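Taking it in order: structure first as structure tokens, then the write-up.
The numbers here are math on the coordinates, done by the rules we state, and not lab data. In this text, all values refer to a predicted model and were calculated from it rather than measured experimentally. Cβ sites come from the backbone with ideal geometry, for glycine too, and all protein chains shown count toward neighbours.
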Amino acid sequence: MIGSIISSGVISPAWDNFFAVILGMGFGFALEASGFSSSRKIIGTFFGYDFVVVKVFFTAAIVASLGLLYFSYLGLLDFSTLYIQPTFLTSAIVGGIIMGIGFAMGGFCPGTSLCATAVGRLDGLVFFGGMFIGVFLFSEAFPLFESIYNSGSEGAKMVNTVFGISPELFTFFLVLAAIGMFAGAGWVQKRVKKVEY
Amino acid sequence: MERKYTLLAIFLIVLALGLVILPKKNELKETDPKALLSSVVEKSRYLTVDQITHRIIENDPTLMLIDLRSADQFKIFSLPGSLNILTDSLLTRANMELFNQPGKDKILYGNADLMAEKAWLLCSRYALNRIYVMKGGMNEWFNTFVKEKLLTGTPSTSDLDLISFRKAARQFLIGSGETGNASATTPAIEKVQVIRKAPKAAAGGGC
């Protein structure tokens, strides 16, 4: 949305950092309000006693998809001016596996570890430090990983084009999948022993 | 499931269903003639061969090169990653989907500017975004990267940087600096006779 406003000249690109900080604060507040600063709550997804992570992220995905498509339909937003993150399939798979292992082991993802650090949690601080060591090592050893990093380039690919369906129909299926997941998560949660934290 | 969550789920399904059943807007609109005229006058559609080559080497995922020349010419030589689309099949359904890809800069090029300009105008009339023209086409690219330009006078640092970039790009894109056909006419390199110097007499003493 910012991209559209800025590229249309309504707001100068000089405000980029200002909006980045405001949106970052909003995102951090939403994470903390959802309880994402607790590693035990996050890790609950893997053990089946708390599905707040998937619920929040699925909710964000469907609300954003519906909002973007309705705004585009009403002419309030030009879809083509939005930046689509390019897909690098191989590096996404490798990175996803590494991040998944780190997520399960540490109980945080990068954003939530910052959130936990901000509210003074020691485990968040340790994770945050580890993340920076990882970033440093990766940067120093980048020439070794460069071929993997750039491999599997698919350009700015959309899931709906892969399936050959319209974005509207894909969003409809996404909403159904999200609701099915919410119901399934509730069903699992009732059958798993509650964990106090 | 609690009643409020059930209601929320129904609301979301209705919203999503609304998107599916709403009448489709005609996405292929023609550009307003005034806007088209002003974009024709404006020169922001041109990208230089240096800019494009830099993006090719950088493996820029937002770059989509479209070679408008004939299939024969395309086979002989084209820029890496280019798609061969002829001007008469530019606005077919499959190609329109290609041009409508969000987040991609579509760069059109022919042998010179004429063909790319025509294609750009066609695309712009149909309000397709992020369409650019490689200024000078393949002729300009060949003159810039394959033919060595001699410098006159004292070159500035930026000139030297540009020349070294072009040399590196030539190596990167076409290896020896010759196109495939040209290499057939290149005379065989003469074998250099190595004349070895007779070993010097060992120096007496030393420091």
The range A:2-191, relative contact order in percent, only Cα pairs under 8 angstrom and at least six apart counted: 28 percent
The residues A:127, A:57, sorted from fewest to most surrounding Cβ atoms within 10 Å, come out as A:57, A:127
Answer rounded, prolate or oblate for the protein assembly as shown, using the Cα gyration tensor with square roots of eigenvalues a ≥ b ≥ c: rounded when a/c is under 1.5, else prolate when a/b is larger than b/c, else oblate. oblate
Descending Cα extents along the principal axes, the range A:72-197, whole Å: 48, 46, 28
Would you tell me the mean number of C-beta atoms belonging to other protein chains that fall within 10 Å of each C-beta in A:163-176, as a whole number? 3
Backbone N within the range A:84-123 under 18 Å of label point (7 Å from residue A:68 Cα along the Cβ vector): A:84-89
For B:7-17, mean number of other protein chain Cβ atoms within 10 Å: 5
So for A:154, A:140, fewest C-beta neighbours within 10 Å to most, what's the order? A:140, A:154
Here the equivalent ellipsoid of the range B:33-144, derived from its Cα gyration tensor, has semi-axes (largest first, whole Å) of 20, 16, 15
For each of A:133, A:93, B:66, count neighbouring Cβ atoms within 10 Å of the residue's Cβ, then give the residues from fewest to most. A:133, A:93, B:66
